[in-house]
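For reference, the structure is listed below as structure tokens.
The values are calculated or read from the model by the stated rules, or taken from the named source; none is laboratory data. These numbers come from a predicted model, not from an experiment. Quick reminder, even Gly has a Cβ in these numbers, built from the backbone with ideal geometry, and neighbours come from all protein chains shown.
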Number of protein chains: 2
Amino acid sequence: MHTIRLNLPQQAYDIAIAPGGIAKLGELMSHLHLGKQVLLVSNPTVFQHYGENVIASLENAGFDVNSYNLPDGEQYKTLASIEKLYNIALENHLERAATMVALGGGVIGDMTGFAAATWLRGINFVQVPTTLLSMVDAAIGGKTGVNHPQGKNLIGAFHQPKLVLIDPQVLQTLPEREFRAGMAEVIKYGVIRDAELFAMMEQCDRLDQFQYLSKNLLQEILVRSCQAKADVVSKDEKEAGLRAILNYGHTIGHAVESLTGYRIVNHGEAVAIGMVAAGQLAVNLGLWEQAAQDRQLALIQKTGLPTQLPTEIEINAIVDALQTDKKVKAGKVRFILPTKIGVVTITDQVPSEQIHQVLQQM
Amino acid sequence: MHTIRLNLPQQAYDIAIAPGGIAKLGELMSHLHLGKQVLLVSNPTVFQHYGENVIASLENAGFDVNSYNLPDGEQYKTLASIEKLYNIALENHLERAATMVALGGGVIGDMTGFAAATWLRGINFVQVPTTLLSMVDAAIGGKTGVNHPQGKNLIGAFHQPKLVLIDPQVLQTLPEREFRAGMAEVIKYGVIRDAELFAMMEQCDRLDQFQYLSKNLLQEILVRSCQAKADVVSKDEKEAGLRAILNYGHTIGHAVESLTGYRIVNHGEAVAIGMVAAGQLAVNLGLWEQAAQDRQLALIQKTGLPTQLPTEIEINAIVDALQTDKKVKAGKVRFILPTKIGVVTITDQVPSEQIHQVLQQM
């Protein structure tokens, strides 16, 4: 088991990366001074694979467990789903010392976290991410929330978990497309912060399916990605500055996701497209070299992720959508742009014409 | 202007008590490094009296102001109202540096605060309380939220304001019944923490209407109450321990409010009834003297607040409702009980029979 400690001003918690770790969840939680009540929140697909094991582990450690499945999919990441969780919390008389455990991907984690953040003004929360995307990104750092019909993650709260438990073995049942989506965030960490991780992935022949990764590479991917996220979050919990670099590829990515109704491209695919766009912007602005952009492009293609805009999206619609992004400051769109592999810069000085031009080339 | 500084681990803010202060709101806010965007949230009644002055003050200080009125009343303190605020926030393109200003009583403050806590995972928030109840209690301390159909304030977040501005002059337009409701919380501060404040009020002939209070007494009431609340909150922001004493009178009070559908008795009236019940429990358990309970009863009666249970409530229903209170820990109901005027103790060792007995006598 590899443990990363995330230190924040008001609290600290462990990110435990442990093959077969699901069976140890109850024991790990038993050291955290939590109340006995646990509400396990999952979706039908994930629950079918791992629900029983998780419940057994929790009950063996003395917890009283109730469980609830939310429907699967980004389109259910709504306030209406949160209201369902409130009703379940009330039915189960969840008290302030109770814990909500999220077993699932980013959607389940974000929603369970937001319900935990706002039930009785905040109860305990534990993340057991089951997708690569949520393991390396969504489950770490305390961002929780739901979508507004007109924008992703516009409603939410910062609420740190008490524990993040990552069991790489659950990736065996992850659909290929979901695996590749997670790889987008891993590539992101390579570009923004970890040139070694980037180079390790370049050396692997195939990255488009889980089965082609050695156990060692998978472990490096998880540990280095989680460490990168933890480092950035510990320096800037509420995204006052540095944390913004984690949004590399997300500025245009969010617009693409939103404009396709969160259905045609998934989050990771949108980030991949967004990284290609951000990289090309950086090239055009003279910030980084075409050779580096080519390496990024090749790595994204090797994971089987898209590098071009979906044909049905109009470029003007993307530029408009950028204005409603949370990262907008005084009407200026903020971009994270690479300067070399492993280093990025933050700027709100990107002319609209440049954005138009890059998008037209994609 | 009397200013109380509330120091918290991650931030500090001022509670400014200033007759005529509404005209200075913009200037006070201009020192707080807030973005230019302001969304003023009020209700039609309060907005009619003070909306224009507030907007003028903000605009003179350079803020861009939009305003929105929520319907007046506890029955609208729902997630549906919060969704309306989200829609307005989206329409007005509120950014992370934007500020929501609550102009109104506790309902407006709690809802505006919760919307500010959860829009873009938290934007700035300023409280301009216009009822006595919200001036001395709800507006200070960062508790925000809405009611669940089956329980008061079950949904919410801690989100501290950047400023609380209290203008005593606005109490002139406050309905008498609302004024008396606020006096319940003032009496509470006397019992739990400030015997001098309690004695000052005993010396005043009439307390049932705003007009009978001297400017000096009103100032003492506001300053001492806000100071008491700020002291307690600064020592225990998230209600881990000490802050629970602020719930004196609220344990049974919440049950009474909830069982009458938040309509027949208002919050202050319910707290008055709850204080009488808690005081009698303390007498019966040998914790404080009948003479002190008699003084409390007389002071509550002098303010015109109720001291008996509404006849339509069944005692068993109250005891059941106590179980769903947020303050329940491991199934045990926690009571705040006085030991002398100015001092209380916290206990979860009150036998149900004692609760039944006291309620039957009321």
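Of all residues in the stretch A:236-251, which are assigned to a helix (DSSP H, G or I) and more than 16 Å from the chain's Cα centre (by Cα)?
Just the residues of the stretch A:236-251 that are assigned to a helix (DSSP H, G or I), to begin with: A:242-247, A:250-251.
Result: A:Leu242, single match.
Looking at (1) part of a helix (DSSP H, G or I); (2) modelled with pLDDT of 95 or more, find the lone condition where A:Leu207 falls short.
Checking A:Leu207 against (1) part of a helix (DSSP H, G or I); (2) modelled with pLDDT of 95 or more, the one that fails is (1).
Considering every residue within the stretch B:101-110, establish whether at least one is within 13 Å of chain A (Cβ to nearest Cβ) and within 24 Å of B:Arg177 (Cβ to Cβ).
Residues of the stretch B:101-110 that are within 13 Å of chain A (Cβ to nearest Cβ), as a first pass: B:110.
Subset that is within 24 Å of B:Arg177 (Cβ to Cβ): B:110.
Yes, there is a match, as at least one residue in the stretch B:101-110 is within 13 Å of chain A (Cβ to nearest Cβ) and within 24 Å of B:Arg177 (Cβ to Cβ).
Check B:Leu165 against each of (1) closer than 28 Å to A:Ile123 by Cβ; (2) more than 9 Å from chain A (Cβ to nearest Cβ); (3) in contact with a Lys or Arg (Cβ under 9 Å, 6 or more places away or on another chain); (4) touching a residue at least 60 places away in the same chain (Cβ under 8 Å) and name the one condition it does not meet.
All conditions are met except number (1).
For the subset of the stretch A:56-82 comprising residues that are of a type in the set (S, T, N, Q) and modelled with pLDDT of 95 or more, which member is surrounded by the fewest Cβ atoms within 10 Å (Cβ to Cβ)? Reasoning before the result, please.
Initial filter on the stretch A:56-82 (of a type in the set (S, T, N, Q)): A:57, A:60, A:66-67, A:69, A:75, A:78, A:81.
Restricting the remaining residues to those that are modelled with pLDDT of 95 or more gives A:57, A:60, A:66-67, A:69, A:78, A:81.
Details: A:Ser57: 21, A:Asn60: 13, A:Asn66: 17, A:Ser67: 18, A:Asn69: 18, A:Thr78: 16, A:Ser81: 20.
Step by step, filter the stretch A:56-82, then rank; the result is A:Asn60.
Since B:Leu218 meets every condition but one in (1) assigned to a loop (DSSP other than H, G, I, E, B); (2) more than 14 Å from chain A (Cβ to nearest Cβ), which condition does it not meet?
Condition not satisfied by B:Leu218: (1).
Yes/no matrix, rows are residues, columns are (1) in contact with a Leu (Cβ under 8 Å, 6 or more places away or on another chain); (2) surrounded by fewer than 23 Cβ atoms within 10 Å (Cβ to Cβ); (3) under 24 Å from A:Ala89 (Cβ atoms):
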| site | (1), (2), (3) |
| --- | --- |
| A:Gly109 | no, no, yes |
| A:Ala117 | no, no, yes |
| A:Gln127 | yes, no, yes |
| A:Leu132 | yes, no, no |
| A:Met135 | yes, no, no |
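May I ask you to list the residues in the stretch B:116-144 that are out of contact with any strand residue (DSSP E or B) (no Cβ under 6 Å at 6 or more places or on another chain) and within 14 Å of chain A (Cβ to nearest Cβ)?
Answer for the stretch B:116-144, where residues must be out of contact with any strand residue (DSSP E or B) (no Cβ under 6 Å at 6 or more places or on another chain) and within 14 Å of chain A (Cβ to nearest Cβ): B:Trp119, B:Leu120, B:Gly122, B:Ile123, B:Ala138, B:Gly141, B:Lys143.
Could we say that A:Ile140 is touching a Lys or Arg at 6+ places or on another chain (Cβ under 9 Å), assigned by TED's automatic domain parsing to the domain that holds A:Phe125, assigned to a loop (DSSP other than H, G, I, E, B) and not acidic (Asp, Glu) here?
Details: touching a Lys or Arg at 6+ places or on another chain (Cβ under 9 Å): yes; assigned by TED's automatic domain parsing to the domain that holds A:Phe125: yes; assigned to a loop (DSSP other than H, G, I, E, B): yes; not acidic (Asp, Glu): yes.
It is true that A:Ile140 is touching a Lys or Arg at 6+ places or on another chain (Cβ under 9 Å), assigned by TED's automatic domain parsing to the domain that holds A:Phe125, assigned to a loop (DSSP other than H, G, I, E, B) and not acidic (Asp, Glu).
Which of the residues belonging to the stretch A:118-137 are touching a His at 6+ places or on another chain (Cβ under 8 Å) and part of a strand (DSSP E or B)?
Answer for the stretch A:118-137, where residues must be touching a His at 6+ places or on another chain (Cβ under 8 Å) and part of a strand (DSSP E or B): just A:Phe125.
So which of B:Leu85, B:Leu103 is buried (at least 20 other Cβ atoms within 10 Å of the Cβ), part of a helix (DSSP H, G or I) and touching a helix residue (DSSP H, G or I) at 6+ places or on another chain (Cβ under 7 Å)? Give the derivation first.
Details: B:Leu103 fails: part of a helix (DSSP H, G or I).
Answer to the selection: B:Leu85.
Tell me which residues, restricted to the stretch A:37-55, are without any contact (Cβ under 8 Å) to a residue 24 or more places away in the chain and surrounded by 20 or more Cβ atoms within 10 Å (Cβ to Cβ). Before the answer, list the steps.
Keep residues of the stretch A:37-55 that are without any contact (Cβ under 8 Å) to a residue 24 or more places away in the chain, which gives A:48, A:52, A:55.
Of everything in the stretch A:37-55, just one residue is without any contact (Cβ under 8 Å) to a residue 24 or more places away in the chain and surrounded by 20 or more Cβ atoms within 10 Å (Cβ to Cβ), namely A:Ile55.
Tell me, which residue of the stretch B:319-359 that is touching a Lys or Arg at 6+ places or on another chain (Cβ under 9 Å) and within 11 Å of chain A (Cβ to nearest Cβ) is modelled with the highest pLDDT?
Among them, the one singled out is B:Arg334.
Just to check your reading of the model, which residue among A:Gly279, A:Gly286, A:Gly274 is over 23 Å from the mean Cα position of the chain (by Cα), at pLDDT 95 or above and either more than 14 Å from chain B (Cβ to nearest Cβ) or under 20 Å from A:Ile341 (Cα atoms) (or both)? Full working, then the answer.
On the way: A:Gly279 fails: over 23 Å from the mean Cα position of the chain (by Cα); A:Gly274 fails: over 23 Å from the mean Cα position of the chain (by Cα).
Sole residue among the options that is over 23 Å from the mean Cα position of the chain (by Cα), at pLDDT 95 or above and either more than 14 Å from chain B (Cβ to nearest Cβ) or under 20 Å from A:Ile341 (Cα atoms) (or both): A:Gly286.
Consider B:Ala16 carefully, then state whether it is in contact with a strand residue (DSSP E or B) (Cβ under 9 Å, 6 or more places away or on another chain), among the small types (Gly, Ala, Ser) and under 27 Å from B:Asn216 (Cα atoms). I'd like the intermediate steps shown before the answer.
Numbers: in contact with a strand residue (DSSP E or B) (Cβ under 9 Å, 6 or more places away or on another chain): yes; among the small types (Gly, Ala, Ser): yes; under 27 Å from B:Asn216 (Cα atoms): yes.
Yes, satisfied.
Residues A:Asn147, A:Asn92, A:Asn69, A:Asn153: which one is within 14 Å of another protein chain (Cβ to nearest Cβ), under 23 Å from A:Ile22 (Cβ atoms) and touching a residue at least 24 places away in the same chain (Cβ under 8 Å)? Explain how you work it out, then say what you get.
Values: A:Asn147 fails: under 23 Å from A:Ile22 (Cβ atoms); A:Asn69 fails: within 14 Å of another protein chain (Cβ to nearest Cβ); A:Asn153 fails: under 23 Å from A:Ile22 (Cβ atoms).
The match here is A:Asn92.
In this structure, is B:Leu34 within 14 Å of another protein chain (Cβ to nearest Cβ), buried (at least 17 other Cβ atoms within 10 Å of the Cβ) and in contact (Cβ under 8 Å) with a residue 60 or more places away in the chain?
Working: within 14 Å of another protein chain (Cβ to nearest Cβ): yes; buried (at least 17 other Cβ atoms within 10 Å of the Cβ): yes; in contact (Cβ under 8 Å) with a residue 60 or more places away in the chain: yes.
Judged against the criteria, B:Leu34 is a match.
Out of the stretch A:164-193, which residues are over 16 Å from the mean Cα position of the chain (by Cα) and either surrounded by fewer than 21 Cβ atoms within 10 Å (Cβ to Cβ) or in a strand (DSSP E or B) (or both)?
Once the filter is applied, which keeps residues that are over 16 Å from the mean Cα position of the chain (by Cα) and either surrounded by fewer than 21 Cβ atoms within 10 Å (Cβ to Cβ) or in a strand (DSSP E or B) (or both), the stretch A:164-193 yields A:Gln169, A:Gln172, A:Thr173, A:Pro175, A:Glu176.
Quick check on this structure: which one of B:Glu269, B:Glu257 is charged (D, E, K, R), in contact with a Pro (Cβ under 8 Å, 6 or more places away or on another chain), outside any loop (DSSP other than H, G, I, E, B) and not assigned by TED's automatic domain parsing to the domain that holds B:Asn147? Explain how you work it out, then say what you get.
On the way: B:Glu257 fails: in contact with a Pro (Cβ under 8 Å, 6 or more places away or on another chain).
On inspection, the qualifying residue turns out to be B:Glu269.
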